[in-house]
Amino acid sequence: MNSVRYLGMDVHQDTISVAVLDESGRLTMQSVLATRAGSVLDFIHGVRGRLHVTFEEGTHSAWLYDVLVRRVEKPVVCNPRKNALLKSRSKSDAIDARKLAELLRAGMLSAVYHGEKSALEVQQMARSYTQLTEEPGSFPPDASKLSTECVGGREQSVAGEFQAGN
């Protein structure tokens, strides 16, 4: 089955309300998930078709984008201030999720986040920086800790390169 499914997600600290629309705009599924990667992935894997997902920019948007980006066809993080339709009539998380899915299906949302610097990347860079600055004599690396690596099909001592460069 290769049909497109439009998912709107209303994301909060503890829960995510999800609405799924088919290509014709019919609501096919609605659910409330825990705000955990495992819960989101379990739900996503249970939805068949090409998935287009949207949620509003906020505290969890970078994290959720990282969770979804390789698993859905089109993740869209949108600007909540530009979604005027969400402010009309009665308001609930389920209604907001459905309206987000409808706006995505209609092509009325534009992405405000594209994963340029994901939270995971920033955490990894910070961890690497901390490791480099906290270990005494860690830069240049301690030659005794380095092993050999394969360079151009032959083994070459990395430690020798650092000693030769001094």
Q) How many residues are within 18 Å of Val53 (Cβ to Cβ), modelled with pLDDT under 90 and outside any helix (DSSP H, G or I) when one looks only at the range 85-130? A) 7
Q: Output the number of residues of the range 66-82 satisfying the condition of being part of a helix (DSSP H, G or I) and in contact with a strand residue (DSSP E or B) (Cβ under 6 Å, 6 or more places away or on another chain).
A: 2
Q | Matching residues, the range 41-70, being within 11 Å of the chain's Cα centre (by Cα) and free of Cβ contacts under 8 Å to residues at least 40 places away in the same chain | A | Val67, Leu68, Arg70
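Can you tell me which residue in the range 5-15 is farthest from the chain's Cα centre (by Cα), limited to those that are in a strand (DSSP E or B) and farther than 15 Å from Cys78 by Cβ?
Here the answer is Arg5.
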Q: May I ask you to list the residues in the range 29-49 that are part of a strand (DSSP E or B) and either at pLDDT below 95 or loosely packed, with under 14 Cβ neighbours inside 10 Å (or both)?
A: Ala34
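The values are calculated or read from the model by the stated rules, or taken from the named source; none is laboratory data. Bear in mind the structure is a predicted one, so any value in this text is a computation, not a measurement. In this analysis, Cβ positions are derived from the backbone assuming ideal geometry, glycine residues included, and neighbour counts consider all displayed protein chains.
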